[in-house]
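To start, the structure under review is shown below, and the notes come after it.
The values are calculated or read from the model by the stated rules, or taken from the named source; none is laboratory data. What you are looking at is a predicted structure, and each value in this text was computed from that prediction instead of being measured. A quick note on method: Cβ atoms are made from the backbone with ideal geometry, for glycine too, and the neighbour counts reach across all protein chains shown.
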Ligand code: SF4
């Protein structure tokens with residue numbers, strides 16, 4: 001590591017610099033796994049892997065890539081365009097998640113603000129309930145909201161403010177909905193936050209039985225990143241299928257309150273929304289389907305599944321024609337990208353299992369091999385599918401940390417990593433290309449047009465001339 005110090009203080013030659021990079025890479029490959037993490041990492045083998053550990057709390061000190069409970073709740077609720085969000089906690093929690101999704105709105109822009117009670121030392125000692133009531137009063141006076149979500153954060157979990165009581169009191173005082181979101185950061189992991197958000201949505205819908213059903217569906221788990229929910233709504237409209245609520249991308253509070261009238265729920269982001277879909281099945285008798293609109297294979301399967309569930313021959317015929325037409329339109333372009341990408345190696349680390357599964361299929365379709373795949377919140381059934389569609393020897397890992405991702409990317413010789421904002425620097429530091437498939441991205445990756453965008457982005461980054469100089 002002598003060269004690293006030298007690099008820091010003096011100008012060094014290119015040869016010395018390359019030596020340093022090689023040394024770092026060599027060291028990273030040799031890193032051992034933490035003992036407690038071993039059960040969550042494996043080389044894929046069709047005969048082994050039954051005891052793979054996932055869907056569990058993170059190992060303390062392992063520096064997991066997962067976000068906290070509060071962040072999980074916030075990313076699900078944030079795209080509701082006309083809701084107000086008060087983060088009851090220190091200012092850092094609010095700024096950490098302020099406007100972090102690239103969710104687009106066709107109307108209100110209120111959701112892009114972040115309100116905080118800015119808890120300080122004195123509030124920790126004397127309690128923060130008064131401050132929270134004050135914040136609600138101020139927002140009601142200034143903005144006349146219909147719905148406010150109140151998030152509890154780590155410190156609120158520690159000092160024990162009764163946010164339920166504050167919310168009840170405010171609802172009585174102003175006759176609006178003030179909904180608590182139980183999300184102290186340390187109270188579990190990101191999945192716990194998803195559940196807290198889903199409970200808050202159920203709270204908004206109310207738990208009354210709905211008799212007045214409509215011939216329409218809800219679309220769960222699309223956050224309208226780069227307008228993706230609009231692409232899928234357009235597809236469904238062409239099949240003459242109406243959507244009551246998109247949950248939660250480009251939704252309004254009144255859409256969500258009407259959602260119990262739907263006859264079917266389709267779930268795109270299974271990690272965050274399966275719990276809500278199950279609750280809605282139990283409370284409002286709405287069956288659900290898991291779908292994915294990423295990659296040609298999954299888009300086709302999903303549209304046919306929806307048509308089957310609706311059971312209308314006219315819709316099925318429309319789907320058949322639509323799929324044929326759209327596939328024909330993009331065939332040539334995809335062929336071009338295949339010719340440039342065949343034989344390249346991909347590493348994947350994303351939030352949920354469903355997205356990872358679609359990505360493996362997309363890379364297969366482009367002639368690429370997935371050499372490493374992992375998720376933050378995948379379930380055992382997701383990993384079973386991942387194992388069945390991955391090659392022998394592919395590294396599979398749940399709830400990974402940066403050291404593990406770096407080690408296996410290098411060991412397997414990955415040409416590209418697909419992940420989110422926290423994975424980007426890991427790839428670039430190692431001279432590996434990167435594709436952002438998380439909530440900050442600015443272009444659509446779903447649907448037929450998204451499949452072309454995806455191939456184009458992978459080609460641009462993997463085949464960029466910049467890698468010749470690293
Ligand atoms: S809730 Fe806790 S872990 Fe999450 S951002 Fe706030 S302080 Fe950090």
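Each residue in the range 41-71 was checked for being at pLDDT 95 or above, within 21 Å of residue 381 (Cα to Cα) and within 14 Å of the ligand (Cβ to nearest atom), and 0 pass. A residue that is farther than 28 Å from residue 245 by Cβ, part of a helix (DSSP H, G or I), modelled with pLDDT of 95 or more and more than 15 Å from the ligand (Cβ to nearest atom) occurs nowhere in the range 201-214. Summed over the range 72-92, the residues that are assigned to a loop (DSSP other than H, G, I, E, B) and more than 10 Å from the ligand (Cβ to nearest atom) give a count of 5.
Residue 144 passes every criterion in (1) surrounded by fewer than 20 Cβ atoms within 10 Å (Cβ to Cβ); (2) more than 16 Å from the ligand (Cβ to nearest atom); (3) over 23 Å from residue 79 (Cα atoms) apart from (3). Determine, yes or no, whether residue 157 is within 15 Å of the ligand (Cβ to nearest atom) and without any contact (Cβ under 8 Å) to a residue 60 or more places away in the chain. So residue 157 passes the test.
Residue 98 satisfies every condition listed in (1) touching a residue at least 24 places away in the same chain (Cβ under 8 Å); (2) within 30 Å of residue 230 (Cα to Cα) except (1). Evaluation of residue 293 against the conditions (1) surrounded by fewer than 23 Cβ atoms within 10 Å (Cβ to Cβ); (2) touching a residue at least 12 places away in the same chain (Cβ under 8 Å) shows that the sole unmet condition is (1). Going by what's in this entry, would residue 95 be described as within 14 Å of the ligand (Cβ to nearest atom), under 20 Å from the mean Cα position of the chain (by Cα), outside the structural domain of residue 401 (by TED's automatic domain parsing) and assigned to a helix (DSSP H, G or I)? So residue 95 passes the test.
Among the numbered conditions (1) assigned by TED's automatic domain parsing to the domain that holds residue 167; (2) part of a helix (DSSP H, G or I); (3) away from the ligand (no atom under 16 Å from the Cβ), the only one that residue 178 does not meet is (2).
Looking at the structure I just gave you, is residue 418 outside any helix (DSSP H, G or I), in contact with a strand residue (DSSP E or B) (Cβ under 6 Å, 6 or more places away or on another chain) and more than 23 Å from residue 39 (Cβ to Cβ)? Against the criterion (outside any helix (DSSP H, G or I), in contact with a strand residue (DSSP E or B) (Cβ under 6 Å, 6 or more places away or on another chain) and more than 23 Å from residue 39 (Cβ to Cβ)), residue 418 qualifies. Report whether or not residue 143 is out of contact with any strand residue (DSSP E or B) (no Cβ under 6 Å at 6 or more places or on another chain) and modelled with pLDDT of 95 or more. When the stated conditions are applied, residue 143 passes them.
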